[in-house]
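Take a look at the structure set out below.
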Amino acid sequence: MTLDSLDQSAVHEEVRARYAEAAIAAGARRADSDAQASCCGPAGSAVFGELLYADTERATLPEAAVLASLGCGNPIAVAELKEGERVLDLGSGGGIDVILSARRVGPTGRAFGLDMTDEMLELAVRNAAEAGVTNVEFVRGTIESVPLPASTIDVVISNCVINLAADKAAVFGEIARVLRPGGRVGVSDVVADDALSPAERAERGSYVSCIAGALSFSEYRAGLAAVGLTDVEVEPTQSVADGLYAAIIRATKPLVAQAGPLPAMPALPRPIAVAGDGCACGTAGCC
């Protein structure tokens, strides 16, 4: 297998095309697109997509929001949102987590969704209107360069998107920048065993299927610590491929900035191109 370095624009385009296809299918109330395919875990159990949300949650959501749910967890259950908080969802897709967040934070709070795919943003706006939530705002941009002011967000959430980023160090820096002091991170993502090299991660699935771009446990912890976040936890929840796991990531921005220099940002692996498409479990795509 030939492994070639991908520049940031190439990664963005590869991911954008995949998620545009998923948005179009979900907006048409279709579930037959390869871009919507979910991965399978041990014994064929679902580890990606809408089945990770409770039946009671799915029942209150627009069908297109559910069909466009392509994540690897339920960050709303992780983030412990409170009334009046301002929440930012990195890579908000069809808006499922923004809608659920908006309901949790109530009319005095606000939920922001950030996505770089026009088709997903259009779908999310329609889904939010259908769900009847008004304390939401969807913003176009990349998670490496968040178009929001510094220190304005209480909670950053994300659902199986950071692994898709071309520059993860930039993402971590942006998370720290937009969080208010005392703010927190509640993220679901795919994480690799420390022993797996980037090439070995790529062998288990494509970049757009969330496998090839996964950071290791130690890379994730070190990357968040390097931007000044504390109380970092990376907790695996279930296996998604050999040596790769869906995980919950938590961290906090201190009320008072750390004195002295921060730990150095680790050399995070660059994106690599892989032949073919899909996950180790044999489906067309994970998230």
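I'd like to check one number: the per residue accessible area of the range 137-222, probe 1.4 Å, reported in Å² as a whole number. Each step should come with its number before you reach the end.
Working: 2330 Å² over 86 residues.
Roughly 27 Å² per residue, with all protein chains present.
Under a crude label model (7 Å from the Cα following the beta-carbon direction), how far is residue 238 from residue 265 in nanometres?
Taking the simple label geometry, residue 238 and residue 265 are separated by 3.4 nm.
For a quick size check, give me the Cα extents of the range 177-264 along its three principal axes, largest first, whole Å.
42, 23, 19
Residues of the range 147-162 with amide nitrogen under 18 Å from the 7 Å Cα-to-Cβ point of residue 218?
No residue qualifies, since no backbone N sits under 18 Å from the label point.
How many nm separate the modelled label positions at residue 256 and residue 199, each set 7 Å beyond the Cα in the direction of the Cβ?
Each label point is offset 7 Å from its Cα along the Cβ direction, giving 4.8 nm.
The values are calculated or read from the model by the stated rules, or taken from the named source; none is laboratory data. Computed from a predicted structure; not experimentally measured. Using ideal geometry, Cβ is built from the backbone for each residue, glycine included, and neighbour counts are taken over all protein chains shown. Heavy atoms of the whole protein, side chains included, go into the accessibility calculation; ligands, DNA and RNA do not. Shrake-Rupley method; radii C 1.70, N 1.55, O 1.52, S 1.80 Å.
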